[in-house]
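Okay, structure first, notes after.
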Amino acid sequence: MKPVVQKPQRCAIYTRKSTDHNLDLTFNSLDAQREACEAYIKSQAHEGWSLLPGRFDDGAFSGASLDRPALKTLIEIVKSRTIDIIVVYKVDRLTRSLADFAKLVELFDEYDVSFVSVTQSFNTTSSMGRLTLNVLLSFAQFEREVIGERVRDKISASKRKGLWVGGPIPVGYRSVNKKLEVVPQEADLVRRIFVDYLRLGSIPALVRSLNDEGLRPKPRQLSNGQVIAPTHYRNGPVNYLLRNRFYIGEVVYKGQVHVGEHEPILANDLFEAVQARLAAQAIERTRLQATSSWQLTGRIFDDRGHRMSPTHSTKNGVRYRFYVSQAAVQGLREKAGSLHRVSAPDVERTVAEALQAHLSADDGAINADPAALIQTHAQRVTVGRTSIHITVTPLHADAMPVILTAPFRPKQLPRKGVTHKAGSTETSDHNRQTLLHAIARAQRWIDDLRSGRSMSFAQIAQSENLVERHVRFLAPLAFLSPKIISSIADGSIHVTVSQLARGLPMVWADQEKRFNQ
């Protein structure tokens, strides 16, 4: 009789460890798992088992998720049909989630791959093996949930004692031996932000002031080591900072306030004054929204997807209503759509007329109040330079929304520093002179640096009696395109100094494109 030749079984070993503890050792947990798996594969050599080259090790990755680099690579190899058996030390090394395990077993079956645990000898090709594995995975998931509950209980107990237990470190503090210490320079900035908010009266004005001075938020390091360094202040984070009770030595957890062990940065009276102002403004916003004459609030967006908010200005006793892109509100006008603000009456009239025409064509003549038409039928309005796209609310739940396109010709809106003459707008002489003076100063500073008359921006700031960051903020104006300078001189460009200097490209072509020159 001819001897039975076993079919070759190509094996791959997968190992995992939840934390990075002791991973730097010469022989760590991953190595121990792999050694046991290799020995098991050798013991099955008579069955045709052989180990494929390559390692699939996930160190410091939780079994609660399948988002693991080595596991993803292993799955791709499974799909290529170049593997027959996956060997692990224990079932929970592959996953601790019963739902994820079911997905993996289904994938393995699809590509004829078996799954073997060294310490729990199961084969997923048999029904009994599946049952036993499901029972084990249920206990593994239970263990993971119990561990999670213990961690949450520990965090809760630590918060009640006022301890800092990790997470993003607030501006003004640094972590030293897992305890927070005050950083004097950052603490001064925090106090200044609170004082400036009371002085300026609103968060948008405070954000503009911080960005105009060239200040930058504190970089933040994520748990994976990645560092996020924001380039400018935004309304949301500043609002959170102003409401953070951590700065008066308190820790808030699940709505409860506890006395913290860290040193406070702010005096209670300053913090409470800011909270009172924030509360008063919130009440005022609620009142204005309830009696709002802006019909498209919450429905209107620019053509880059930024929400447009209602606002107004008054000139010569006349009140003008308009919608402004949130990108412009945040000081990022260059990222706004083709129109960063539009006349509210013009947009509302255009939308109402388009809805009136559409509904009349479908259901006959409809004589409805424009505000009621918009409130009932306008789901989303997107404003572009030449047209407005209106998503009409479906009349039936199973109907598809209709998108209307209406032509739109925006008119020039009044703004600060602009004088109206015979239907045209010109930059005021004062604003123009301010711009040209700032450009000339920047050019003089750069010339001083080039010639050696000044050695640094700090020296320039001292000689000019200015703050160094203000000098650095204005310095790029020295490299402004001659074409743009000429347009400023003849009043063709309407910008402020801060709008001109913020984020100015160094390439003249990019500058001219930014200002439509």
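The values are calculated or read from the model by the stated rules, or taken from the named source; none is laboratory data. Note that the structure is a prediction, hence the values are computed from the model and not measured. Every residue, glycine among them, receives a Cβ derived from its backbone with ideal geometry; neighbour counts consider all protein chains shown. These accessible areas exclude ligands, DNA and RNA; they are computed on the full protein's heavy atoms, side chains included. Shrake-Rupley method; radii C 1.70, N 1.55, O 1.52, S 1.80 Å.
Let me cross-check T19: its accessible surface, 1.4 Å probe, with only protein heavy atoms counted, in Å² to the nearest 10?
Solvent-accessible area, nearest 10 Å²: 70 Å².
With the alpha-carbon atoms as the only input, what is the per residue convex hull volume for the stretch 63-109 in Å³?
Per-residue hull volume (Cα only) is 72 Å³.
Compare the Cα positions of G260, L180, A229 along the charge dipole of the stretch 168-266 (+1 at Cβ of Lys, Arg; -1 at Cβ of Asp, Glu; about the Cα centre) and return the one farthest towards the positive end.
About the Cα centre, the residue reaching furthest to the positive side is A229.
Provide T350, T311 ordered by accessible surface of protein heavy atoms (probe 1.4 Å), highest first.
Solvent-accessible surface, decreasing: T311, T350.
Can you give the accessible area of D24, probe radius 1.4 Å, in Å² rounded to 10?
We get 140 Å² for D24.
Under 5 Å between amide H atoms, partner at least 5 residues away or on a different chain: which partners does R16 have, H built in plane at 1.01 Å?
D58
If F194, F61 are ordered by their accessible area, calculated over protein heavy atoms with a 1.4 Å probe, which sequence runs from highest to lowest?
The ranking, largest first, comes out as F61, F194.
Would you list R441, R220, R319 from the most to the least accessible area, probe 1.4 Å?
Correct descending sequence by accessible area is R319, R220, R441.
What accessible area, in Å² to the nearest ten, does a 1.4 Å probe give for V195?
V195 has an accessible surface of roughly 70 Å² with all protein chains in place.
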